[in-house]
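Asker: Below is one structure. I have some questions about it.
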Amino acid sequence: MSSSSVSVQVIGSGAVRALPERGGPCYLVTIDDRQLLFDCGRCAVHNLHRLGTPVESIDEVYLTHLHFDHICDLPLLLLLSWNNGREGRLPIFGPRGTSHFLETGVRQAYVDDVNSRISHGNRVRDNLDWAATEITSEGLVYGKSQYQIEALATAHAGLANWNYRITIGDKVVVITSDSEPDQRLVEFCRDADLLLIECSGTKAFYESVAFGGWHITPEDVGQIARDAGAKQVVLKHFVMESFTDDPHVAESMAQTVRGIHPEGKIFAATDGLRFEL
Ligand SMILES: [Zn+2]
Ligand SMILES: [Zn+2]
């Protein structure tokens with residue numbers, strides 16, 4: 001049994017293109033007083049503050065993959081939390097390439113800014129820093145007595161790509177990355193109390209775009225969620241919506257998933273949607 005309090009909040013329900021009502025991929029898991037951030041896409045920092053979580057309170061960051069829609073706000077999160085007084089190194093877990101991204105995209109890119117602020121005596125250089133762990137094998141990534149985080153690799157656009165399963169006592173939260181269809185997701189999502197899963201578009205949409213093969217369909221989502229016995233399912237990463245300007249796309253895909261997995265509670269994510277487990 002878990003005595004921890006667990007909440008999960010969608011910080012950004014959208015994907016690549018700028019859309020005022022949907023930030024890019026970003027999800028917050030709060031376990032007691034510990035704040036775990038999964039991906040840090042467009043508007044993540046803005047939305048975190050808007051939803052009541054200042055960036056300096058983030059304790060750990062997990063990246064699914066290095067497509068820019070999932071990481072573009074991470075430099076801002078590091079710089080702003082440092083500027084706001086964060087102490088110590090922020091632990092960041094991600095795929096191979098994570099350290100290079102941080103080294104070039106933060107330390108080198110902002111060297112003049114950082115030197116300027118330090119020369120005025122108001123910040124400690126080391127506190128800008130991070131403790132990056134590049135995940136190289138499946139299984140347990142990080143474990144504490146309160147919770148364990150496991151990773152599963154699936155194919156996506158030729159990138160190193162990690163899905164995450166968080167176990168907190170008897171509670172399970174799974175956050176998938178963007179992913180090509182993969183039946184191993186069924187076991188990875190087994191009995192999830194909450195499954196946040198990408199649902200970028202329909203089969204017909206994928207057939208109309210070059211990147212269609214990188215993602216799963218609502219039918220795939222329904223089958224995975226049903227076979228895994230996921231209790232609550234939150235669809236996210238609505239690429240198709242920003243291509244079609246059709247505001248009903250997300251809800252219509254949720255309907256498809258409900259038809260396949262009627263036992264589960266199916267939600268189309270919105271920014272700020274929050275669950276207590
Ligand atoms: Zn994406
Ligand atoms: Zn991607």
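Derivation of every value follows stated rules applied to the coordinates shown; laboratory data play no part. Everything numeric in this text was worked out from a predicted model, so none of it was measured. Cβ atoms come from the backbone with ideal geometry, glycine included; neighbour counts cover every protein chain shown.
Asker: Between residue 136 and residue 76, what FRET efficiency follows from the Cβ-Cβ distance if R0 is 30 Å, with the result rounded to 0.05? Could you put the intermediate results ahead of the total?
Answerer: On the way: r = 27 Å, r/R0 = 0.91.
Efficiency, from the Cβ-Cβ distance: 0.65.
Asker: Of the residues 57, 200, 119, which exhibits the maximal mean-square fluctuation in a Gaussian network model of the chain defined by a 10 Å Cα contact cut-off?
Answerer: Greatest mean-square fluctuation among the candidates belongs to 119.
Asker: Taking the Cα centre of segment 6-270 as the origin, how large is its charge dipole in debye, to the nearest 20, when only Lys and Arg (+1) and Asp and Glu (-1) carry charge on their Cβ atoms?
Answerer: Values: 23 positive and 35 negative charges, 81 e Å.
I would put it at about 380 debye.
Asker: Can I ask one more? Give me the lysines in straight-line cross-link reach of residue 144: C-alpha distance below 30 Å, same-chain residues under 8 apart excluded.
Answerer: The qualifying lysines are 171, 231, 236, 265.
Asker: Same structure, new question: Which order do 82, 130 fall in if you start with the one that has the fewest other Cβ atoms within 10 Å? Show your work: numbers first, answer last.
Answerer: Details: 82 24, 130 20.
Ascending Cβ contact count within 10 Å gives the list 130, 82.
Asker: At q = 0.10 Å⁻¹, what base-10 log of I(q)/I(0) does the Debye formula yield for segment 6-270 when every alpha carbon is treated as an equal point scatterer in vacuo?
Answerer: Here the Debye-derived log intensity ratios amount to -0.48.
Asker: Provide 244, 176, 202 in ascending order of the number of other Cβ atoms located within 10 Å of each residue's Cβ, fewest first.
Answerer: On the way: 244 15, 176 28, 202 19.
In order of increasing Cβ crowding within 10 Å: 244, 202, 176.
Asker: Helix 249-260 versus the longest principal axis of the chain: what is the Cα-based angle in degrees, 0 to 90, to the nearest 10?
Answerer: Value to nearest ten degrees: 50.
Asker: Moving on to the next point. Using packing as a proxy for protection, rank 254-265, 3-14 so that the peptide with the highest average count of other Cβ atoms within 10 Å comes first.
Answerer: Top to bottom by mean Cβ count within 10 Å: 3-14, 254-265.
Asker: Can I ask one more? So how tilted is helix 218-228 from the main axis of the chain? Cα-based, degrees 0 to 90, rounded to 10.
Answerer: 90 degrees
Asker: Then there is this: Taking amide H atoms as placed 1.01 Å from N in the peptide plane, list the residues 5 or more away in sequence, or in a different chain, whose amide H sits under 5 Å from that of residue 93.
Answerer: Those qualifying (amide H under 5 Å, at least 5 residues apart or on another chain) are 61, 62, 63, 133.
Asker: Another one. Using only Cα atoms, tell me the angle between helix 74-83 and the longest principal axis of the chain; keep it within 0 to 90° and round to the nearest 10.
Answerer: So the helix axis and the longest Cα principal axis differ by about 40 degrees.
Asker: Using Cβ contacts closer than 10 Å as the measure, can you line up 248, 156, 67 from fewest to most? It would help to have the intermediate numbers written out before the result.
Answerer: Working: 248 11, 156 25, 67 22.
Least to most surrounded, the residues fall as 248, 67, 156.
Asker: Go ahead and estimate [θ] at 222 nm for the chain from helices alone: -39,500 (n - 2.57) per DSSP H run with n ≥ 4, summed, over the residue count, rounded to 500. The partial results should precede the final answer.
Answerer: Numbers: 10 runs with 73 residues, N = 277.
The per-residue figure over the chain is -6500 deg cm²/dmol.
Asker: Below 8 Å, C-alpha to C-alpha, sequence gap of six or more: please give me the relative contact order for the chain in percent.
Answerer: Working: 620 pairs, mean separation 49.8, N = 277.
Across the chain, relative contact order equals 18 percent.
Asker: Please work out the Cα center distance from segment 72-147 to segment 213-277, rounded to the nearest Å.
Answerer: 32 Å
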